[in-house]
Amino acid sequence: MDIRRRVGINVSRLRGDLGLSQEALSFECGLHRTYISGVERGVRNPTVVVLARIAEALGVPAWKLLEEDGSTRRK
């Protein structure tokens, strides 16, 4: 699977686990809602700095956004 798609799936899953909308997540990490949408769809190629901002807003370490096996559930 493409790494961008994997990140998008993980961001979407974690955001859903928290009950956040794309707009709420974008506010928390200081990004535009359409950018978050693009990340989740795998059409954006976020930098490591942006991944760190998203991960912080989701309350997980940044490496969790790269996991393949779907074990991105918060613990």
Which one is right for this structure if Cα extents along the principal axes in Å is calculated from it: [x] 28, 26, 19; [y] 35, 25, 18; [z] 62, 25, 20?
[x]
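Counting Lys and Arg as +1 and Asp and Glu as -1, what is the net charge of the other residues whose Cβ lies under 10 Å from the Cβ of Gly8? If you can, show how the numbers build up before the last one.
Details: positive: Arg4, Arg5, Arg6, Arg13, Arg41, Arg44; negative: Asp2, Glu40.
Taking every Cβ under 10 Å from that of Gly8, the sum is +4.
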For the chain, which GluC sites (Glu not before Pro) pass both filters: DSSP loop (anything but H, G, I, E, B) and at most 15 other C-beta atoms within 10 Å?
Glu67, Glu68
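With the contact rule set at Cα under 8 Å and sequence spacing of 6 or more, what percent relative contact order holds for segment 3-64? Could the numbers behind the result be given before it?
Details: 63 pairs, mean separation 23.7, N = 62.
Reported as a whole number, the value is 38 percent.
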With only Lys, Arg, Asp and Glu charged, each at its Cβ (+1 for the first two, -1 for the last two), find how big the charge dipole of segment 3-64 is about the Cα centre; round to the nearest 20 debye.
320
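Computed from the coordinates by the stated procedures, all read-outs in this text should not be read as laboratory data. Nothing here was measured: the structure is a model prediction, and the numbers come from that model. Methodologically, a virtual Cβ is constructed for each residue, glycine included, from the backbone with ideal geometry; neighbour enumeration extends over all protein chains shown.
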